[in-house]
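What follows is a set of notes on a single structure, which appears directly below.
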Number of protein chains: 2
Amino acid sequence: MADREIGVAVLGLGNVGSEVVRILNEHAADFEARVGAPVVLRGIAVRSVDRDRGVPAELLTTDAQALVDRDDVDIVVEVIGGIEPVRTLILSALNSGKSVVTANKALLADYTGELADAAKLADVDLYFEAAVAGAIPVVRPLMQSLAGDRVNRVVGIVNGTTNFILSAMEETGADYADTLAEAGRLGYAEADPTADVEGYDAAAKAAILASLAFHTRVTAADVYREGISKITAEDLASAKAVDCTVKLLAICERVVGADGEERVSARVYPALLPHSHPLATVNGAFNAVVVEAEAAGRLMFYGQGAGGAPTASAVLGDLVSAARNRVHGGKGPDESTYAKLPIAPMGETPTRYHVNMEVADRPGVLSAVAAEFSAHGVSISVVRQEDTGNGASLVVVTHIAPEAALAETVAALDRLEFVNAVTSVLRLEGTGE
Amino acid sequence: MADREIGVAVLGLGNVGSEVVRILNEHAADFEARVGAPVVLRGIAVRSVDRDRGVPAELLTTDAQALVDRDDVDIVVEVIGGIEPVRTLILSALNSGKSVVTANKALLADYTGELADAAKLADVDLYFEAAVAGAIPVVRPLMQSLAGDRVNRVVGIVNGTTNFILSAMEETGADYADTLAEAGRLGYAEADPTADVEGYDAAAKAAILASLAFHTRVTAADVYREGISKITAEDLASAKAVDCTVKLLAICERVVGADGEERVSARVYPALLPHSHPLATVNGAFNAVVVEAEAAGRLMFYGQGAGGAPTASAVLGDLVSAARNRVHGGKGPDESTYAKLPIAPMGETPTRYHVNMEVADRPGVLSAVAAEFSAHGVSISVVRQEDTGNGASLVVVTHIAPEAALAETVAALDRLEFVNAVTSVLRLEGTGE
């Protein structure tokens, strides 16, 4: 067995790719010992070879397809990102019997089915630990460690940019726009931050997590999504007043519909979270994922969710697994979609609301507001009223109710004569009641 | 492939075994879908069949060896515990080509080598996720997810009984004996609590963690061990005064000796831990393991470290992996011992001390005490002196120094005329300086 080499092609030489190449070189002896054969870098596909990239020039190529096609490449590591040309490259690698390791959440969230089918047909590995929560092992625990359990819920902080912004807003009291600008200056937000701040990145990860947790194919389009760009300094202050913080959460839940059937609810939004919740203390660019399973109970995984080296760690763990399978036979588990649960409509999702209103400061207002909640079957947990000089500020925290009932209540409140404005509606998670 | 069944023998029907059997039965359809073949329970080995065990009587047998030997058994699940007859049963299972899943940390800590060799020779799986930290995936992340990284440190709270006792002592201010008795009444401590409170259980887990983290065979005898039975209410109060808690830690570190060579330090002792450390908030019977790796940075895994259902979750995750390999070919990674790092003597281990002394209340004492630390090359971080009416209480917190230098300093202090007694010596971990 040890007389063969495992040939690796790396597609992309950005933050992650550079670290993958560096570690593969520096720890070549470790890789050989752990795999049972030398792991040899055959080439690196880059957009242009005219810059000094800190790697031997003869390894660089702009022809990614030719690199993937080489006979001496066993495993393709894709760290370019985006959909094309990556999707075509990965499919061609799988179709020609090469295993693939990728960190590409956007691709996986939309094309897992196609890629997994190709991997299964070719009897090769498709690994993607790095696509969710960077260095934190989450994919392997869900696919393997919890394979004998029944997962009911996965809740994660899976986007470092938004967590950095929300943590900073909470700490400094600054508003969203200023904090986003600061995050950009510090390198925590990209020039175009849309994918992060509008929740697209988190939604892609939620789709992957929900697919793994519930043995059901879930795509990014199945994930309800709201970003953090409307969160205000007042929202954070208001959350603090009820001993909560605000986090952008990716929530994947097994829910039971009105018809008694199980469905998958997958959603991403900023939500109030009690300070006592384990995810509330996850600050800055860190990520964490809480998994609740029937037998295991509540597990939490915490660490760095992004960055070149942490993401490379996850990529290289997958590379060792794929390489070992090449040397010793066998392969990782296939995509598991047997449960085929339907996606729960957002309106059916059980949740709690934290509603902030400006109301006229006169008798009977609270009673009329309470009547509106009651009329929609929504039970109130906490009410807090404050005189603002010009009218009053009224905060209502509800018990759990279907999202649709809550949305209708808020619409009805907005129509009440003495409600000047519903200034903020945030969901409350992690309280279980 | 799907026309075959995977036959399973379960050895033991205690807390864990009962849950394994219950879940296998209740979720049989899930197991079949996830494995790709029916997973069928062939029998359960028990000490006596004369009690109603809540399982079909025809599955029970007292002849564990005959059950293991059955031709229709592919995988043996061992949840009896202890060394014999379990070691013989597992070896015979492996030697006859059966895969083994075990939760037996004591056996693994001493006999991993023998068992791993047998598994490798027979080309079968030996899985043991449940042996460390119950439901929390730690073994698989170390063996697989971090296989492309370089682990420098593993620090864990891996024993629920001692963590329950220390958490309760901190909360109530009660002393050790009373708290242990209360833990016994609540079912958190066994009738003979020695294995837990003296750190033997944690040391076995430390040996397993160190072996996995450093690709080196480490046994329980290689682990330096102190238990919590000498911890006093005063120790916890004193820790609180420097914003620390006390935790029984299992620490596995890559250290560099005076000769520049890498060694493995594996040790278990109660230590002060700053309240800001992620492990400080792990209370009650919960477990958590922090892994620090070169590329991944700091990861934390948190959850229930014991109990029937959580341990069964880990056992069944392993069972699904072993069964998939039976159906689809391949096997999990072999034991990895290529690094063969020597064990660091405890005296060389870098650590910090928190020393509590009763001293005469007169001028020059502090200077003489400080001189003693200095004479042994130990740098002082914090000194806190309190008048106790009858002399003074002096607490010295050191910077990092070799354990031997610290131990010699304490011995020298004890000989000083005006030091009435060194009342407590605890190590301080998790501060990094």
Residue within segment B:312-319 that is in contact with a Ser or Thr (Cβ under 6 Å, 6 or more places away or on another chain), under 28 Å from A:Ala312 (Cα atoms) and either basic (Lys, Arg) or part of a helix (DSSP H, G or I) (or both) present: yes
Residue that is in a strand (DSSP E or B) and surrounded by fewer than 23 Cβ atoms within 10 Å (Cβ to Cβ), where the choices are B:Arg263, B:Arg267: B:Arg263
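Please work out which residue is farthest from the chain's Cα centre (by Cα), limiting yourself to segment A:179-229 and to residues that are in a loop (DSSP other than H, G, I, E, B) and without any contact (Cβ under 8 Å) to a residue 24 or more places away in the chain. Even if it seems obvious, please write down each step before you answer.
Taking segment A:179-229 and keeping what is in a loop (DSSP other than H, G, I, E, B), we get A:186-193, A:198-199, A:215-219, A:223, A:226-229.
From the residues that got through so far, the ones that are without any contact (Cβ under 8 Å) to a residue 24 or more places away in the chain too are A:186-187, A:191-192.
Working: A:Leu186: 22, A:Gly187: 20, A:Ala191: 20, A:Asp192: 19 Å.
By that ranking, first place goes to A:Leu186.
Can we say A:Glu26 is surrounded by fewer than 13 Cβ atoms within 10 Å (Cβ to Cβ), more than 16 Å from A:Ala130 (Cα to Cα) and charged (D, E, K, R)?
In short, yes.
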Checklist (1) more than 22 Å from the chain's Cα centre (by Cα); (2) over 30 Å from A:Gly36 (Cβ atoms); (3) within 14 Å of chain B (Cβ to nearest Cβ) applied to A:Lys340, failing item: (1)
Those residues of segment B:119-154 which are closer than 30 Å to B:Ala191 by Cβ and outside any helix (DSSP H, G or I), in sequence order: B:Phe128, B:Val132, B:Ala133, B:Gly134, B:Ala135, B:Ile136, B:Val138
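Residues are listed down the side, and each one gets a yes or a no for (1) more than 21 Å from A:Lys98 (Cα to Cα); (2) buried (at least 22 other Cβ atoms within 10 Å of the Cβ); (3) charged (D, E, K, R):
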site: A:Val10; (1), (2), (3): no, yes, no
site: A:Asn15; (1), (2), (3): yes, no, no
site: A:Arg22; (1), (2), (3): yes, no, yes
site: A:Gly36; (1), (2), (3): no, no, no
site: A:Val39; (1), (2), (3): no, yes, no
site: A:Ile44; (1), (2), (3): no, yes, no
site: A:Ser48; (1), (2), (3): yes, no, no
site: A:Asp52; (1), (2), (3): yes, no, yes
site: A:Val55; (1), (2), (3): yes, no, no
Segment A:300-337, residues that are more than 9 Å from every other protein chain (Cβ to nearest Cβ) and of a type in the set (D, E, K, R): A:Arg326, A:Glu335
Qualifying residue in segment A:167-183 (condition: within 14 Å of another protein chain (Cβ to nearest Cβ) and over 20 Å from A:Gly305 (Cβ atoms)): no
Residues (among the hydrophobic types (A, V, I, L, M, F, W, C), assigned to a loop (DSSP other than H, G, I, E, B) and surrounded by 18 or more Cβ atoms within 10 Å (Cβ to Cβ)) located in segment A:374-433: A:Val378
Total residues in segment B:133-165, condition within 30 Å of B:Asp178 (Cβ to Cβ), under 11 Å from the mean Cα position of the chain (by Cα) and within 14 Å of another protein chain (Cβ to nearest Cβ): 6
Residues located in segment B:82-128, provided they are hydroxyl-bearing (Ser, Thr, Tyr), surrounded by fewer than 24 Cβ atoms within 10 Å (Cβ to Cβ) and within 17 Å of B:Thr337 (Cα to Cα): B:Tyr111, B:Thr112
Condition met for B:Tyr302 (under 30 Å from B:Phe418 (Cβ atoms) and either part of a strand (DSSP E or B) or touching a helix residue (DSSP H, G or I) at 6+ places or on another chain (Cβ under 9 Å) (or both)): no
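Each value in this text was obtained by applying a stated rule to the coordinates, not by laboratory testing. As the structure is a computational prediction, the values presented were derived from the model and not from experiment. Glycine gets a Cβ as well: all are built from the backbone with ideal geometry, and neighbour counts include every protein chain shown.
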